[in-house]
Structures are given as C-alpha cells and as structure tokens.
Amino acid sequence: MNKFLAILFLAFAVITTAHAESYTFSNTSEIDVPEYNHQGWWSTGGTADDVVSSSIDVSGTTGTITDLNVTLDGVTSKAFVDMVLVLVGPNDTAVVLAANAGGANENSYVPTVDITFDDEADSQIAVSNSFNEAQNENKNLEEGSYQLSDYDIQPYYLRTGEYAVVDPIAEGFFGDPDNFADENLLSAFDDISANGTWTLLAFDNYSTDATVIEGWTLSFETTGSGSTGAVPEPAEWALMILAALGLTAVKFYRKGSLAR
C-alpha cells in the first residue's frame, strides 16, 4: 500500500508542476534608422534626439520569464556596424543587442535578413575590420541566431583615432546608464513578468548608410506560479484519472480496514 501511495504522490507532483508557456509578440511597423549626417559624411556622434524608438506592449502572459529571444525582422543595412541597438524591459532594465557589430558593404546589393538574438546561440555577430572589399574583411549580415553582440571597441573605420565616437550609453541616450544589466545577457530579464511595455532603441553612430528594420518580435517562455492555465496534455489527463481512482481506492481501503 505504501508503494501505491508513493505513486499517487508522484502523480500529484507532476500534475501540480507549473506548465511552461510560450508567447510571441510582434511590432510590424518599419523602423527607419537614418544615418547620422549633421556635418557631412565624416561626422560622428549625434544626440539623444537621433535615437529611434519602437515598442511592443505585452499582456496576458502568466508566470515569469525563463527564456527570451529577440528577432529583428527584415534587416537591410549597408553599415550595420554603425548601429547601436538596445532593448529596454518593462522593469527599465536595458541590454545591448548589438553595438559595433557586423560590417559595412560598399556593394550595391545588400541582403535583407532576419536576425535573432538568443543567449543560447553559438556565437556573436562577426565584426569587420575594414571597409575595403579587396581585403575580404567585410562582414555582411547573415541570417541566423546570435548571442548579444556588444563590441566595446572603436568601429573599424575610426581606429586611426582621428575621430571620437559618442558613447550613447554613457551619454544617457538610452536612459539612465545605471539601468543596464551588469551582465549583458537576455537572461537579465529572467524571473520577471513579461507583461508591460518593451522598447527597442536604435541609434546610428556614424554617417554612412541608413538601416531599415521591417519589424521585431519578442519570443518568451514562462513558468512558475500562475502559469498552470494551459490545457493538460493527454498524459496529464491520464495521471489525473489515476490519481482520482487511487484516492477512491485509498478511501475504500481505509473504510474496509476500519470495518474489520
């Protein structure tokens, strides 16, 4: 009988374990990030007014975040290396999706690609060291999944030290610099509710070629208290029935024992 009770307790443990939930939210409005061009093609810097913002309002999720991926849909850029992209969560925590990443391509053809940022990806976006195609060092964006790609270096075209690029994070272009996560990972948002406003901030730090993003998507997995509202799987229904029958059997067993 003790073994039977142990099985029942195991069944209840499985049934009451929080379900993992998956959610996807998108903003399909185009994000047009103009090149910074206040003083000519050689100019660098910009101001907070040059930051482009796009938001996604998330609601109806349950539990807390266990995994978050961010996809940039339809990215076209001849100089993605100019871009600084920041994600700000509903708790005001910020992470850098990409900065000084990728490369530049002086060819007329640039592919339009989807880029996903995922902590579990194999690598960061490659970084270019030259605009000169003859050196075969251009790094066009390639469709795929990447780790967050914040290269804390001077962009390749400014390594002579002749120009000083504005640090938009230190300058507060994206809000309070203290809001940035200590570790630049999407897991910085783990254990919070996904509900609220998420904001993608984009900034072009050099005046060579604009970037267009056709939209962006947040993909969440959540679990924990409150995320048990999913319809049970067939196996879970079987466990629930087993548990109910087991409890009934225990009830009659105890009655029989008392009668004796």
### Message
Under 5 Å between amide hydrogens, which residues at least 5 positions from residue 63 or on another chain qualify, with H placed 1.01 Å from N in the peptide plane?
### Response
227
### Task
Give me the accessible area of residue 212, 1.4 Å probe, in Å² rounded to the nearest 10.
40 Å²
### Task
Once you have the Cα-Cα distance between residue 24 and residue 192, take 0.36 nm times their residue separation minus that, and quote the gain in nm to one decimal.
58.9 nm
### Query
Roughly speaking, what is the stretch gain from residue 52 to residue 76, that is 0.36 nm per residue apart minus the C-alpha to C-alpha distance, in nm to one decimal?
7.1 nm
### Summary
Phi-derived 3J(HN,Hα) across the range 94-102 with the Karplus relation (6.51, -1.76, 1.60, θ = phi - 60°), rounded Hz, x for Gly and Pro, is 10, 9, 8, 6, 7, 7, 6, 9, x
### Task
Quick one: which residues, 5 or more positions from residue 119 or on another chain, have an amide H under 5 Å from its amide H? H modelled 1.01 Å from N in the peptide plane, none for Pro or chain starts.
186
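The values are calculated or read from the model by the stated rules, or taken from the named source; none is laboratory data. Since this is a predicted model, take the numbers as computed values, not measurements. Protein only, heavy atoms only, side chains kept; ligands, DNA and RNA dropped before computing areas. Shrake-Rupley method; radii C 1.70, N 1.55, O 1.52, S 1.80 Å.
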